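Have a look at the structure below, then the notes.
The values are calculated or read from the model by the stated rules, or taken from the named source; none is laboratory data. Note that this is a predicted model, so its numbers are computed, not measured. Cβ sites come from the backbone with ideal geometry, for glycine too, and all protein chains shown count toward neighbours.
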Amino acid sequence: MGKTIISQARGHGSLTYRVRRQAFRYRIKYPNANLGKGKVLKLLNSPGHYAPLAKIKIGDEVFYNPAAKGIIEGQEIDINGKIEAGDIASLGKIPVGSRIFNIEIRPGDGGKMIRSSGTSAEVLSKEKGKIKISMPSRKEIFLHENCRATIGEIAGSGRLDKPIMKAGKMWHMMKARQKLWPQTSAVKTNAVDHPFGGGRGKRIKSKIAKRNAPPGAKVGLLRPRRTGRRK
């Protein structure tokens with residue numbers, strides 16, 4: 001018998017699991033211009049993002065970018081000009097050893113990687129039109145030299161220093177982003193709610209799903225390379 005589990009409900013996209021549009025009313029992107037000077041109009045807090053955002057105007061275009069550590073309102077921002085905190089440049093023009101964030105995966109996509117508060121990547125080397133980047137996880141990737149990034153480190157590095165004293169505070173934080181919280185362990189649910197449910201926690205079922213299992217049963221370890229104790 002099929003089970004209506006949380007992963008099914010989230011995939012269905014009902015109102016319960018659909019993010020509020022106003023949570024992400026500030027869309028992070030880069031301007032169309034590849035050269036020029038801009039100005040930081042305002043530093044603002046967005047409930048849908050983990051880092052403060054900078055509202056920047058270049059010519060007639062206004063866009064939002066994660067705020068670099070140390071920038072202030074009224075500061076000038078260069079595109080492919082100076083290489084200082086908050087400036088935007090192509091990876092090919094950024095010196096080796098620089099810290100960068102909001103990196104484009106493909107030229108012109110507006111920035112997809114390194115957008116959380118307090119994070120940054122590092123430019124390691126340049127090889128035949130490809131730029132070697134060291135991610136915060138120490139993983140190294142290669143990107144096209146025309147991909148853009150912002151110089152510096154994202155502001156808000158102390159966001160996790162202050163403890164969350166009340167569950168209600170966390171509830172409101174998650175509600176702003178329409179995150180599923182609190183999350184219940186699968187083995188603690190009823191048998192009708194999850195394949196791991198029932199058994200009062202004593203007879204924990206295997207967490208290896210069949211490769212051809214339907215969506216209502218495809219939970220746990222999906223297509224593991226191997227099972228059993230390593231000898």
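Points worth noting:
- Scanning region 168-186 for residues that are surrounded by 10 or more Cβ atoms within 10 Å (Cβ to Cβ) and more than 23 Å from the chain's Cα centre (by Cα) yields Thr184, Ser185, Ala186.
- Whichever residue in region 69-85 is in contact (Cβ under 8 Å) with a residue 40 or more places away in the chain and in a strand (DSSP E or B) and, among such residues, is farthest from Lys39 (Cα to Cα): Ile79
- From the options Gly158, Gly129, Gly199, residue that is under 22 Å from Ala68 (Cα atoms), exposed (fewer than 15 other Cβ atoms within 10 Å of the Cβ) and either free of Cβ contacts under 8 Å to residues at least 24 places away in the same chain or out of contact with any strand residue (DSSP E or B) (no Cβ under 6 Å at 6 or more places or on another chain) (or both): Gly158
- For Ile88, the conditions (1) out of contact with any Ser or Thr (no Cβ under 6 Å at 6 or more places or on another chain); (2) more than 26 Å from Lys179 (Cα to Cα); (3) touching a residue at least 40 places away in the same chain (Cβ under 8 Å) are fulfilled apart from (1).
- The condition (being within 24 Å of the chain's Cα centre (by Cα), within 21 Å of Ser116 (Cβ to Cβ) and not in a loop (DSSP other than H, G, I, E, B)) is satisfied by just one residue among Tyr64, Tyr50, Tyr26, Tyr30: Tyr64.
- Any hit, region 94-107, residues being on the phi > 0 side of the Ramachandran plot, buried (at least 18 other Cβ atoms within 10 Å of the Cβ) and either at pLDDT 95 or above or part of a loop (DSSP other than H, G, I, E, B) (or both): yes
Residues checked against (1) under 30 Å from Ile79 (Cα atoms); (2) of a type outside the set (D, E, K, R); (3) not in a loop (DSSP other than H, G, I, E, B):
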position: Ser137; (1), (2), (3): yes, yes, no
position: Arg159; (1), (2), (3): yes, no, no
position: Pro163; (1), (2), (3): no, yes, no
position: Pro182; (1), (2), (3): no, yes, no
position: Ala191; (1), (2), (3): no, yes, no
position: Phe196; (1), (2), (3): no, yes, no
position: Pro215; (1), (2), (3): no, yes, no
position: Pro224; (1), (2), (3): no, yes, no
